[in-house]
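Student: This structure is in structure tokens; I'll ask about it shortly.
The values are calculated or read from the model by the stated rules, or taken from the named source; none is laboratory data. On a predicted model such as this, the values are computed, not experimentally measured, just so you know. Cβ sites come from the backbone with ideal geometry, for glycine too, and all protein chains shown count toward neighbours.
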Amino acid sequence: MHKKDESQNHYFTAHPKSKLKFGVIRTHLRGRPFEFLTASGVFSIKRVDSGTRLLIESMVLPENGSVLDVGCGYGSVGIAAAAFNPDLRVIMVDVNERAVWLARKNVEINDVSNIEVRRGNLYEPIEDSTFNCVLSNPPVSAGMETVRAIIVEAPRHMTDKALFQMVVRSKIGGKRLCTILESAFGNVEVLARKSGYRVFISEK
């Protein structure tokens with residue numbers, strides 16, 4: 001789950017007001033090199049944060065079908081998923097216009113073609129579509145109700161047996177979100193834990 005600080009107060013907003021300042025992240029994820037263009041007004045601009053990295057390193061992807069990345073930021077989770085399995089169709093969504101622009105640039109930089117970026121709040125951009133997998137590093141700065149909505153609205157956008165995977169900071173709502181996941185899906189397990197984060201996984 002995203003840690004809020006002064007530089008990240010407003011990243012979950014349609015129109016970031018912070019002065020535009022770019023950065024570049026070069027890293028390896030699951031042993032594969034990636035490069036991401038980042039900017040002010042978007043979460044974690046200097047590095048792939050520990051929570052996002054844990055989600056990427058541990059996420060369980062289907063062999064085929066479609067994947068949704070909710071609250072994609074500059075796109076590291078969805079782009080990694082698309083790169084790891086070219087047979088997947090990946091859609092990334094974010095409300096932040098700057099994040100969406102960056103995500104589209106990063107799709108080009110990392111040369112992945114099986115992916116699409118859409119702008120809008122949570123599940124609005126994908127309408128009645130369903131997915132075999134839903135991934136999220138949720139925007140805690142937007143409030144717990146937003147994080148809860150990502151969970152409780154997910155099942156209607158998922159196929160039967162689809163997997164929902166969310167990374168959270170253990171000390172910030174971890175127990176509460178575990179309860180919400182159990183209520184929404186009837187099951188929840190800890191897929192991975194490291195550095196104060198844990199990845200929850202639930203099956204529809």
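Student: Only one of Ala99, Ala80 is in a helix (DSSP H, G or I), under 16 Å from the mean Cα position of the chain (by Cα) and modelled with pLDDT under 95; which?
Tutor: Working: Ala80 fails: modelled with pLDDT under 95.
Going through Ala99, Ala80 in turn, just one is in a helix (DSSP H, G or I), under 16 Å from the mean Cα position of the chain (by Cα) and modelled with pLDDT under 95: Ala99.
Student: When you go through (1) touching a strand residue (DSSP E or B) at 6+ places or on another chain (Cβ under 9 Å); (2) at pLDDT below 95 one by one for Val188, which number turns out not to apply?
Tutor: Unmet condition: (2).
Student: While we're here: Pairs needed: first member in the stretch 78-93, under 19 Å from Met158 (Cβ atoms); second member anywhere, of a type in the set (Lys, Arg) and surrounded by fewer than 24 Cβ atoms within 10 Å (Cβ to Cβ); C-beta distance under 8 Å; at least 6 residues apart or different chains.
Tutor: Within 8 Å, the pairs are Ile91/Arg118; Met92/Arg118; Val93/Arg118; Val93/Arg119.
Student: Restricting the first residue to the stretch 169-181 and requiring it to be among the basic types (Lys, Arg), which pairs with a second residue that is assigned to a strand (DSSP E or B) and crowded, with 17+ Cβ neighbours inside 10 Å meet a Cβ separation below 8 Å and a spacing of at least six or different chains?
Tutor: Arg169/Tyr197
Student: Which pairs do you get when a residue that is touching a residue at least 12 places away in the same chain (Cβ under 8 Å) and assigned to a loop (DSSP other than H, G, I, E, B), found in the stretch 41-67, comes within reach of a residue that is surrounded by fewer than 22 Cβ atoms within 10 Å (Cβ to Cβ) and aromatic (Phe, Trp, Tyr), reach meaning Cβ atoms under 8 angstrom, with the pair 6+ apart or on two chains?
Tutor: Leu61/Phe84
Student: Shifting gears a bit: Could you tell me whether Val167 is part of a strand (DSSP E or B), under 25 Å from Leu191 (Cα atoms) and within 15 Å of the chain's Cα centre (by Cα)?
Tutor: Values: part of a strand (DSSP E or B): yes; under 25 Å from Leu191 (Cα atoms): yes; within 15 Å of the chain's Cα centre (by Cα): yes.
Spelling it out, Val167 is indeed part of a strand (DSSP E or B), under 25 Å from Leu191 (Cα atoms) and within 15 Å of the chain's Cα centre (by Cα).
Student: A follow-up question, please. Residue check, Thr38 against (1) assigned to a strand (DSSP E or B); (2) surrounded by fewer than 17 Cβ atoms within 10 Å (Cβ to Cβ); (3) hydroxyl-bearing (Ser, Thr, Tyr), all met but one. Which one?
Tutor: (2)
Student: Let me ask something else. Does the stretch 152-166 contain any residue that is surrounded by 16 or more Cβ atoms within 10 Å (Cβ to Cβ), β-branched (Val, Ile, Thr) and either touching a residue at least 60 places away in the same chain (Cβ under 8 Å) or over 18 Å from Glu124 (Cβ atoms) (or both)?
Tutor: Taking every residue of the stretch 152-166 in turn, none turns out to be surrounded by 16 or more Cβ atoms within 10 Å (Cβ to Cβ), β-branched (Val, Ile, Thr) and either touching a residue at least 60 places away in the same chain (Cβ under 8 Å) or over 18 Å from Glu124 (Cβ atoms) (or both).
Student: If you scan the stretch 171-195, which residues turn out to be of a type outside the set (D, E, K, R) and exposed (fewer than 15 other Cβ atoms within 10 Å of the Cβ)? Full working, then the answer.
Tutor: Filtering the stretch 171-195 down to residues of a type outside the set (D, E, K, R) leaves 172-174, 177-181, 183-188, 190-192, 195.
Passing the criteria: Thr179, Ser183, Gly186, Asn187, Val190, Ser195.
Student: Is it true that some residue in the stretch 119-137 is closer than 16 Å to Ser58 by Cβ, polar (S, T, N, Q) and under 15 Å from the mean Cα position of the chain (by Cα)? Explain how you work it out, then say what you get.
Tutor: First, pick out the residues of the stretch 119-137 that are closer than 16 Å to Ser58 by Cβ: 133-137.
When the remaining residues are screened for being polar (S, T, N, Q), the result is 136-137.
From what's left, under 15 Å from the mean Cα position of the chain (by Cα): 136-137.
Within the stretch 119-137, one or more residues are closer than 16 Å to Ser58 by Cβ, polar (S, T, N, Q) and under 15 Å from the mean Cα position of the chain (by Cα).
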